[in-house]
Each structure stands twice: as C-alpha cells, then as structure tokens.
Amino acid sequence: MAVTVFYRTMLFLLLAVLAGVLTGYFQPLGLIHVAQVLAELFIKFLKLISLPIVFLAVISTLTSMQNLQETSSLGRRFLKYTFLTTGIAAVVAMILFYWIDPVDPQLSVISNDFAQERQSISVLLLNFFPDNIITAFAEHNVLGVVLIALLIGLAAFYLPKEQQKMVHGLFHSLLNVFMQLAKVIVLILPVVVWAFTVILFQEIQQNSHVLRELVWYSVCILLANLIQGLVVLPIFLKFHNVSSPELVKRVFPALVTAFFTRSSAATLPVTIDCLTREKHVSPKVAQFGIPLCSVINMNGCAAFIFITVHFVMLSNGFTLHWYDSLLWVVVATLAAFGNAAVPMGCFFLASALLAGLNVPLHMMGVILTLYVLFDMVETALNVWSDCSITQVVDRQLSS
C-alpha cells in the first residue's frame, strides 16, 4: 500500500515538474504571473505554520516524557548517544558542504534591500533570550520561541501528574490542529511544485549556475545521510561490539517501512518488533528507547538543517565565517533534537531559522520539489540510528 502511494505521489510530482518546465519554456500569457502569486502565497503559508509547529512540537515532546525521570539511568544513556550521533551528523554535513562547495558566491545575487537587512548568527543567538513572548513570535525569533517552549515543557515536570497530562493534552491537541493545516501542503504539493518549477526554469534561463548548485546541494544532502548511515553508525556499533550487518538484517523491514512511509512514528511497531524478536533486545529497553529516539534522535534532520541553511543563505548573498558554521553545528544539533516526530519537521525548522534571519524563502520552495526524496532517506537513517542506539544501550545493560 505504501509503495503504491509512493509511486502515485512521484508520478504527480514528475507531471508537475514537466508542466512547470513547459510553462516556463512557452510562457503562456498569465500563467507566469499565476505561478509567482502561488509561490508567494505558499511562502506566506509556510511562515504562518512553521513557527507554531516548532513551538508546539517541543512542548508536546517534553510533556510526554514522564518515564524519563522514573528511569533516569536509562534516559541518560539514550540522551548521551542521541546527542553524540546527531552532533556527528551535523559535523559530517559541515565537512561535506565546504568540501563540495555547492554555491558560487560570485554568482549569487542579492537585492539592495536584503543586503541592508542581513544579520549574523551571533545576532540570532543573542535573541535566544526574548523579553516578550508575543514579540518572539511576531519577530519570528525561532530560537527564542524554542527557549520559551523548553521552559514551559520543563516547568510542566513539576506539576501534579493530572495537571501534567492536561498540559500535554492541550499542547498535543494544538499541535495536531497545526499538523492538519500542514496537510494542506501535501494536498497542493503538485500545484506548488509546478509554480516553483516555472520560477526555477526562468531562473535557470537567466542564471545557468542555479541548476548546477541545486545538483551539488542534493549531492551534499544525500552523501551526508549515506556517510552517517554506512560509515559513522557502523563504527559506533563496532566500538560497542555490535555487528552492524546482523543488526541491518534484523531491522531491515523497519528501514523499508520508514523509507516509504517517511514517518518514524508510523514505523514504531515494526521497529520494536524487529528488535525484540527472539529476545535480541529487552522489550523494556526497546519500548522505552524507540519511542524516545523517534522524537529526539534526528541524524538526518541535523544534516539537512545545516546544509540547507548554509545553501540558502549563501545563495542569497550571506557571508558565513568558519565560527558561524561551528555555531550552526550546535544550532542544527539542538534544533534536530527538538524536532519531534513531525512530518516535514526538518523542512519547517530550516524555514523558521531562515525566516528568523530575514532570509528570503523562495529557494525553500524549490527545495520542496526535492524534499520527498530527502525525507525518505532521512527517515530511514533516523530509524537506523534509533535501532543502533537502542541495541548499544541494551548490550551495555545486559553485560
């Protein structure tokens, strides 16, 4: 069933891309303007829902972690390895981005208005501590909003259990409301892809380097995921005396399910079953670790955020120094940790971070046409990382 939906989605997207190319080539009267209006409306809609989703996802995730205190030793192990693997994924992304260097700064063009509004990441980090909740949302201060969410989520731990459940129910329900709004993106995706393909085709005609940059950007994203999944995680497993080929064989159904469903949460039952079958992993460890990892262990998301933010910023004329990139490694790691099990969560996070820096989001619309493939690979990587960490923790507890 998932395979059928995947092929149907890909067919519609390919048809939308083809229609966009034909529209951009023949330039029929009025359709170019329609594409520009649709693209602008989509960007406004993206800004409208991205920040509330990030805010509500962080609170919903924290208020659901009732067992984290009850099993603090187990929780600390998972958190340690989660930060370790996600941080390494961000570092790998940084190395690949500067090695491949997909953006030619001499060919990137920015408007005078935007040049006057550019901010450095240091300004973004200083704004991490907002003095007003409403201002944080009004100024699209994503790090400030995340801080507010963290404070609310942590404060909820000290409430009586009944009140904590009520807080979780409230914010989780609000998150579901915004996720219903986010489903509009899925419904209109072919139309959005058509609009941005038209704009991209015209951009390529005027600046041929754009297509080359998008290709190398895609190589960066996919290669970062492959290195993390095929090199970093096997080394991590080898270091803890776990055979990665044997683990792959056991969890392969979960990886395939994750690839096609693009949802770590939807893959949970399959993942737990694969790990606990024949008692390879303790059910207690798997049933605690896999749900926890599915909302905080986002290796693919960290790589996507770092590479995408750098790509979009440099394409729009930003100047990033080496210390900016090191700070972005930290930001990407923390942002991925707070991503939660939200469909297209990485895309929303990257968009919110860029909007907080006043970076034009038109390139994000172009990236959306490629995101289906990225999301499939990233989700499979995330589930593979979840399985690896859970297997290592179980091995340590049983030894």
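The values are calculated or read from the model by the stated rules, or taken from the named source; none is laboratory data. Since the structure is predicted, the reported quantities are computational estimates derived from the model, not experimental observations. We place every Cβ from the backbone using ideal geometry, glycine too, and count neighbours over all the protein chains shown.
Looking only at the range 19-48, how many residues end up being among the polar types (S, T, N, Q) and part of a helix (DSSP H, G or I)? Going through the range 19-48 one residue at a time, the tally reaches 2. A search for C-beta distances below 9 Å between a residue of the range 88-101 that is over 17 Å from residue 330 (Cβ atoms) and any residue that is surrounded by fewer than 21 Cβ atoms within 10 Å (Cβ to Cβ) and β-branched (Val, Ile, Thr), counting only pairs 6+ apart in sequence or on different chains, returns 96/219; 96/227; 100/219.
Of everything in the range 332-371 that is in a helix (DSSP H, G or I) and under 9 Å from the mean Cα position of the chain (by Cα), the residue that is modelled with the lowest pLDDT is 345. In a residue-by-residue description of the range 211-219, the property of being modelled with pLDDT of 80 or more, within 12 Å of residue 387 (Cα to Cα) and surrounded by 23 or more Cβ atoms within 10 Å (Cβ to Cβ) applies to no position. Among the residues of the range 296-303, is any in a loop (DSSP other than H, G, I, E, B) and modelled with pLDDT under 75? Within the range 296-303 (the criterion being in a loop (DSSP other than H, G, I, E, B) and modelled with pLDDT under 75), the answer is no, since none of the residues qualifies. Number of residues in the range 289-312 that are of a type in the set (A, V, I, L, M, F, W, C) and either surrounded by fewer than 19 Cβ atoms within 10 Å (Cβ to Cβ) or farther than 16 Å from residue 100 by Cβ (or both) equals 9.
Here is the figure for the range 314-327: residues that are in a helix (DSSP H, G or I) and surrounded by fewer than 24 Cβ atoms within 10 Å (Cβ to Cβ) total 7. In this structure, does residue 235 turn out to be closer than 15 Å to residue 88 by Cβ and either at pLDDT below 85 or of a type outside the set (Lys, Arg) (or both)? Considered against the rule, which asks whether it is closer than 15 Å to residue 88 by Cβ and either at pLDDT below 85 or of a type outside the set (Lys, Arg) (or both), residue 235 comes out as yes. Can you find a residue in the range 371-378 that is of a type in the set (A, V, I, L, M) and under 18 Å from residue 53 (Cα atoms)? Looking for residues that are of a type in the set (A, V, I, L, M) and under 18 Å from residue 53 (Cα atoms), one finds none in the range 371-378, hence no.
Given the condition in a helix (DSSP H, G or I), modelled with pLDDT of 80 or more and within 27 Å of residue 196 (Cβ to Cβ), answer yes or no: does some residue in the range 382-395 qualify? Yes, the range 382-395 has at least one match. Among the residues of the range 220-259, which ones are surrounded by 17 or more Cβ atoms within 10 Å (Cβ to Cβ) and of a type in the set (Phe, Trp, Tyr)? Residues satisfying the conditions are 236, 259. From the list 90, 115, 136, the one residue that fits, being modelled with pLDDT of 80 or more and either part of a helix (DSSP H, G or I) or within 19 Å of the chain's Cα centre (by Cα) (or both), is 90. Residue 106 passes every criterion in (1) modelled with pLDDT under 75; (2) outside any helix (DSSP H, G or I); (3) under 25 Å from the mean Cα position of the chain (by Cα) apart from (3). Just one of (1) at pLDDT 70 or above; (2) within 30 Å of residue 227 (Cα to Cα); (3) crowded, with 20+ Cβ neighbours inside 10 Å; (4) among the β-branched types (Val, Ile, Thr) trips up residue 61, so point out which. Going through the list (1) at pLDDT 70 or above; (2) within 30 Å of residue 227 (Cα to Cα); (3) crowded, with 20+ Cβ neighbours inside 10 Å; (4) among the β-branched types (Val, Ile, Thr), residue 61 breaks only (1). Report yes if residue 5 is modelled with pLDDT of 80 or more and farther than 23 Å from residue 211 by Cβ, otherwise no. No; evaluated as a whole, the condition is false for this residue. Going by what's in this entry, would residue 241 be described as in contact with a Lys or Arg (Cβ under 8 Å, 6 or more places away or on another chain) and of a type in the set (S, T, N, Q)? When the stated conditions are applied, residue 241 passes them.
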